[in-house]
Each structure stands twice: as structure tokens, then as C-alpha cells.
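Undergrad: Structure incoming, see below.
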Amino acid sequence: MNKVAIVGASGYSGEELVRLLLNHPHAELVAVTSRQYAGQTLAQIFPRFANHPKAKALRFTEPNAELLAKQAEIVFLALPHGVAAEYAVPLLKAGCTVIDLSADFRLKSAEVYKEFYAHDHPAPELLAKSVYGLPEIHREQIKKAALIASPGCYPTSILLPVIPLVKAKLINPQSIIADSHSGVSGAGRKAELDYLFVECNESVRPYGVPKHRHLSEIEEQLSLAAGTKVIIQFTPHLAPVNRGILTTLYLAPTEHFTDEAGAQALGKKITACYARAYANEPFVRLLEGKALPDTKNVVGTNVCEIAWRLDPRTGRLIVMSAEDNLVKGASGQAVQSMNLRCGFPETAGLV
């Protein structure tokens, strides 16, 4: 049993980490931190866990890197960007494996980080050492990493469908348009006017236009896959649901087609491409026939659904994905990376 801790366990992603780790067959949750709830038990703050044997004994504490390093071998950082790095530095020096759910270590460039996050990177010396924690793409690097940067929720919903197509040169990487809709939990557990029930209910609205922060990691990962700098168009929307992300991608195939025969020929290549990439992946579901991604089928799971259609009228490839922004888009993916890093079955605690 590997001993694990969660820094920032009171947020939505932190709560999901608690749920997954309390019942993980190979991990023992030994510490949870929250300045707001320090001294209170898990059962008091999260009544949904009250029947778990540890819920009445495990108490929230003030975050202390030195103490956490003595308690746990693996530490999850479910903190805002800019704050996570403050804990990552001493924890890594103490020999812990750090899995960061913030944006602090997702990028390789401190300059790009400053451009998108509007402040200097707090620990630029660690950027070269971090591994982008998208298991389906960087599995072997994750297995050896001491610092794993878990991807953002929107990037996961875009990168999983697009990277295989880019690597196979089936699409023009300079023509990508991404349109995403996210549940309100994606904004985090905070009291702000824009996220009050009355503001969000019966409302769908775009935000972060035209330069959402997640563009930085999306474009970096796509550039690595394409071998050339990639810039995409991305528009996120807030949807009146608790959780889930639905993404629709409009792509330009490198092979032009104008009729059904051309579409069928290209379709076989796309099917083969996705099968090579994901046929044996436990957390990517390739939909067949008339089925299309639906957030209700992935909420609460670590699964990303993917489907696609070719449109002979426009000559475009339309790819759609759905995931739970708090599981595959955050905490579940982080646990998946922990499983890889520790040599556990990749699905442990996630199915």
C-alpha cells in the first residue's frame, strides 16, 4: 500500500481524489489538507463518505510540505496555478512523487506560461523535469516521472481525439477549430457571481474568447505531435450542468473528398488510425454506428468517448468527444498516472 496525500482536498477535484483514493486497492490515503477546514474530519465536510472507515478519523490539516513528505510517498496537488509550485519544490526535494492537477508544470516554456497566466513562473527550473500526464500519449514517460503535470479538462477532450490524426498526417494541423461545453464544476468550488445558480441555470454562454488559458498546453502538445508549431481556434462555453465536457472539433483532412466513395476511402483510414491508437485503451471508448458522445454516459467515470463523421458537402471531418471534467479531465486521470508510476494495474481504483 503506497501512502498518498492530497493538498487542497476540499475543492471539486480534491473531493474526487478523496473518493477515488479512499477505495483504491493499492493506496492508503494518509493526509488531506485544507486551510478552511483544518481540524474537521472528512465525514464532517463530505458526508457522502461518512460510512467509510477512515472518514471519521482522517482530519483536514494545514498544508505543510515538510510534514507531508514524512507521511506520504505520493502527493497530489489540487491547488490553483501559481500556488501548487510552492509545495512541489520542497516535496520533490524530499523525495516524494508529485502529481500536480494545476497548470504550473504542464508547459515547457516559462515565457508561454507568463503569456497565458499573467505572472512569472514560480519554479521554472522544474519545467524540463515534468511529464505531461496524458497516459494514452505519454505512458512510458509517466512511468519514470517524479513530477507529473496532469492535463486540463478541455485539453484532454481535444488532445485525445486529435493527436492520433495529427501523427498519422490525416488532417491539416493548422486548420483545427474546437468548440467545447463544460459543466459549472469546471470553474472550481468558489463563490463568484458568474457561477451562482441563478446566473448559470437556463443559460449557455461562451467565455475566455479568443485566448483561453488552456490553449497554451493544447497548442504545445499538438505542436509536439505535428513536429511544427500549431495554433488552433478554441471557444469554451459554460453549460447549465454540474459536470461533463462535450467537445466538437472541425478538422480539414489532408485528403480531399467530394462524394460518398471518397468519404468511405478516407473513413477506413480514420477508423484504422483510431483503432491503432485506442483499441486497447481502457479509458477511451470509440463509438460505432450511429452512436455519438453524451456526457450522461461518462459522468462519474474515467472514460473519454470519441466519435467522428465526414461531411462530403463541406469536405470536413467532424470529431466529437465527451468526458467527465472532474474524473478523466482531472482527478481520475491523475490517479491513472499514479497507477502507471507505481506499477499498479492502470485501471486500479478507476473501474
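Where a number appears in this text, it was derived from the coordinates with a stated rule and is not lab data. All of these numbers come straight from a predicted model, not from anything done at the bench. Cβ placement follows ideal geometry from the backbone for every residue including glycine, while neighbour counts extend to all protein chains displayed.
Undergrad: Taking the DSSP beta bridges in the range 154-324 as the whole, what percent of them are antiparallel, to the nearest 5?
TA: Among the beta bridges of the range 154-324, antiparallel pairing accounts for roughly 70 percent.
Undergrad: Here's something else I'd like to know. Give the percent of DSSP beta bridges with both residues in the range 251-345 that are antiparallel, rounded to the nearest 5.
TA: 75
Undergrad: Would you mind working out the magnitude of the charge dipole of the range 97-187 relative to its Cα centre, with +1 at each Lys and Arg C-beta and -1 at each Asp and Glu C-beta, to the nearest 20 Debye?
TA: Dipole about the Cα centre, nearest 20: 400 debye.
Undergrad: By count of other Cβ within 10 Å, fewest leading, how are Leu101, Leu326 ordered?
TA: If I rank by nearby Cβ atoms, fewest first, I get Leu326, Leu101.
Undergrad: Oh, and also: Can you tell which of Leu67, Ile6, Pro25 lies farthest toward the positive end of the dipole of the range 1-116, using +1 and -1 charges on the Cβ of basic and acidic side chains (Lys, Arg; Asp, Glu)?
TA: Pro25
Undergrad: How far is helix 84-93 tilted, in degrees, relative to the longest principal axis of the Cα atoms in the chain, given as a value from 0 to 90 rounded to the nearest 10?
TA: Orientation of helix 84-93: about 70 degrees from the principal axis.
Undergrad: Percent relative contact order of the chain, based on C-alpha pairs within less than 8 angstrom and at least six residues apart?
TA: Once normalised by length, the contact order is 17 percent.
Undergrad: Hey, can you rank 206-219, 114-127 by average C-beta count inside 10 Å, highest first?
TA: Ranking, from highest mean packing down: 206-219, 114-127.
Undergrad: Can you pull the one-decimal nm distance between simple spin-label points at Ala191 and Ala291, each 7 Å off the Cα toward Cβ?
TA: 4.4
Undergrad: Could you list Glu136, Glu111, Glu305 in order of exposure, starting from the residue whose Cβ has the fewest other Cβ atoms within 10 Å?
TA: On the way: Glu136 19, Glu111 11, Glu305 25.
By the 10 Å Cβ count, ascending: Glu111, Glu136, Glu305.
Undergrad: If you plug each phi of the range 207-218 into the Karplus form 6.51 cos²θ - 1.76 cosθ + 1.60 with θ = phi - 60°, what whole-Hz ³J(HN,Hα) values come out, in order, with x for Gly and Pro?
TA: Listing the rounded values in order: 7, x, 9, x, 9, 5, 4, 5, 4, 4, 6, 4 Hz.
Undergrad: Suppose every Lys and Arg Cβ carries +1 and every Asp and Glu Cβ carries -1, with no other charges. What dipole size does the range 2-129 come out with about its Cα centre, to the nearest 20 debye?
TA: Working: 13 positive and 13 negative charges, 101 e Å.
That gives a dipole near 480 debye.
Undergrad: Quick check on my link table: of Lys70/Lys143; Lys169/Lys268; Lys114/Lys144, which ones sit more than 21 Å apart, alpha carbon to alpha carbon? Write down the numbers at each step before the final one.
TA: Values: Lys70/Lys143 23 Å; Lys169/Lys268 14 Å; Lys114/Lys144 28 Å.
In this structure, Lys70/Lys143; Lys114/Lys144 exceed 21 Å between Cα atoms.
Undergrad: Oh, and also: Relative contact order (percent) for the range 1-130, with alpha-carbon contacts under 8 angstrom and 6 or more residues of separation?
TA: 22
Undergrad: Which translational diffusion coefficient, to the nearest whole µm²/s, is obtained for the range 154-324 from the Stokes-Einstein equation, given a Kirkwood hydrodynamic radius over C-alpha pairs, 10 °C and 1.306 mPa s? Provide the component values of the computation, followed by the final result.
TA: Working: Rh = 16.8 Å.
Diffusion coefficient, whole number: 95 µm²/s.
Undergrad: What is the dipole size for the chain, taken about its Cα centre, with +1 at each Lys and Arg Cβ and -1 at each Asp and Glu Cβ, in debye to the nearest 20?
TA: Roughly 560 debye, rounded to the nearest 20.
Undergrad: What residues have an amide H closer than 5 Å to that of Leu29, excluding those fewer than 5 places away on the same chain, when H is modeled at 1.01 Å from N in the peptide plane?
TA: Val4
Undergrad: Taking every DSSP beta bridge that has both residues in the chain, what percent is antiparallel when rounded to the nearest 5?
TA: Of the beta bridges lying entirely in the chain, close to 45 percent run antiparallel.
Undergrad: List the relative contact order of the range 102-253 as a percent without decimals, with contacts defined as Cα pairs under 8 Å and 6+ residues apart.
TA: Here the relative contact order equals 29 percent.
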